[in-house]
Each structure stands twice: as structure tokens, then as C-alpha cells.
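Comments concern the structure below.
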Amino acid sequence: MQRHGYGGSPALRYRYRVAGCVLLAAHLLVVGWLALRPLTAPWVTAAHLEPLATIRADLALGPWGAVRSIGAGLLPFAPLGVLLPWAGGRIVASTPVSLARTVFTAAMVSLVLQVVQGGVVGQVLDVDALLLNVTGVTIAHLAVVPAVRARLRRRGDTGPTRAVRREEPDRGLTPTIPRVGIAP
């Protein structure tokens, strides 16, 4: 039987994946609602399409203002770094491949959200928000997913042992009837 890198019993794997998908959907709904709600502002700046310009402006605010502003860009999408692999359900997966898959998916979700957000009243398209979102996903994935997968693999290796299927003893050659010929 081929296992495709999923550990545990099928019912347990199914429950973990369902829980991951439900949490992922809930998180995306909350982030989408927060990002796409109209804001009342007396004026709105033009779209920020120059990379790192907003981050440089945030750093000019001082240490606490920069931490608050940059953290506000890193944190909303950071849970996707854990929720996307969890919803995928793979315990045995290559860390670089998992990271690439997760970062690409989060970047596409963030890009769609930024483009749609540009059409909402009071919201502005910002390339730096996209960069911060992807950076938050990357940090969360690298900080949590490899360690959790390693722990789950160790727990699965030391878990209950399965009954070993006994090999049948060799009974010799298959008996043949010498007077029966081969069919034409």
C-alpha cells in the first residue's frame, strides 16, 4: 500500500485535515473582511508601487511606530504559514518544497486581496504590504512547521506497533501433472 507521506490512521488524518481546512477558511474570511471593508478617510494616497518605500517610511516613524506598522503587515497572513500545510495534511514532506508551496499560495492570495483592495473605498494597493504578508508567512512556516512535523513523525514511529504478517514457509515447487501437455 502506498502512503503518500500521510501518517496515522485514515480517520485521524481526515479529522486533522478537516480541522485545518475549517481553520484556514475561517482565517481567510476574517482577513478578507478586515482588508476589504471600506474606510472613511478625508483623502487617499495613490497606490504604492515602489518596493520598500512604505517600509522605509515606517522605519522613519521611530522604533515603536515601525514595529507597530511593520508588525501590522506581517501578522495578518502569518497563520497561513501553519494553516496551509496543516490543511494539506502531509506529515512526511520536504521542508523546501513545503515552504515553496506555502509561500506561493500565500503570495497569490495576498496578491488577489491587494488587487481587489485597490477598488475598495479608502483602501490603497501597496506592494510592501504584499512583501510583508509573504515574509510573515515564511517566518511562521519556518518557525513552526518543520518542528511540528518532526515531532509528529517521531510520535508516529514510536506509536503502537502493528501485527507483523507472517511469511508462509516455502513448500517447494508447484506440483505438475506430467501427462498433461501444453495447449496449442
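Here are the numbers:
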read-out: Single residue of segment 47-81 satisfying the filter (part of a helix (DSSP H, G or I) and in contact with a His (Cβ under 6 Å, 6 or more places away or on another chain)) that is least open to solvent (accessible area, probe 1.4 Å); value: GLY81
read-out: Sole residue being surrounded by 15 or more Cβ atoms within 10 Å (Cβ to Cβ) and under 17 Å from the mean Cα position of the chain (by Cα), chosen from ALA93, ALA25; value: ALA93
read-out: Residue in segment 97-108 that is farther than 27 Å from ARG56 by Cα and touching a Lys or Arg at 6+ places or on another chain (Cβ under 8 Å) present; value: yes
read-out: Extreme residue, modelled with the highest pLDDT, among residues of segment 1-22 that are surrounded by fewer than 16 Cβ atoms within 10 Å (Cβ to Cβ) and either assigned to a loop (DSSP other than H, G, I, E, B) or among the hydroxyl-bearing types (Ser, Thr, Tyr) (or both); value: TYR14
read-out: Test: residue in segment 127-149 that is of a type in the set (D, E, K, R), in a helix (DSSP H, G or I) and more than 18 Å from SER69 (Cα to Cα); value: yes
read-out: Residues located in segment 87-98, provided they are part of a helix (DSSP H, G or I) and not polar (S, T, N, Q); value: ALA87, GLY88, PRO96, VAL97
read-out: From the options LEU84, LEU34, residue that is open to solvent by 70 Å² or more (accessible area, probe 1.4 Å), touching a residue at least 24 places away in the same chain (Cβ under 8 Å), closer than 27 Å to VAL148 by Cβ and not in a loop (DSSP other than H, G, I, E, B); value: LEU34
read-out: Residue match in segment 99-119 (condition: touching a residue at least 60 places away in the same chain (Cβ under 8 Å), open to solvent by less than 30 Å² (accessible area, probe 1.4 Å) and not in a helix (DSSP H, G or I)); value: no
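The values are calculated or read from the model by the stated rules, or taken from the named source; none is laboratory data. As the structure is a computational prediction, the values presented were derived from the model and not from experiment. Cβ atoms come from the backbone with ideal geometry, glycine included; neighbour counts cover every protein chain shown. Surface areas here come from the heavy atoms of the whole protein model, side chains and all, with no ligands, DNA or RNA. Shrake-Rupley method; radii C 1.70, N 1.55, O 1.52, S 1.80 Å.
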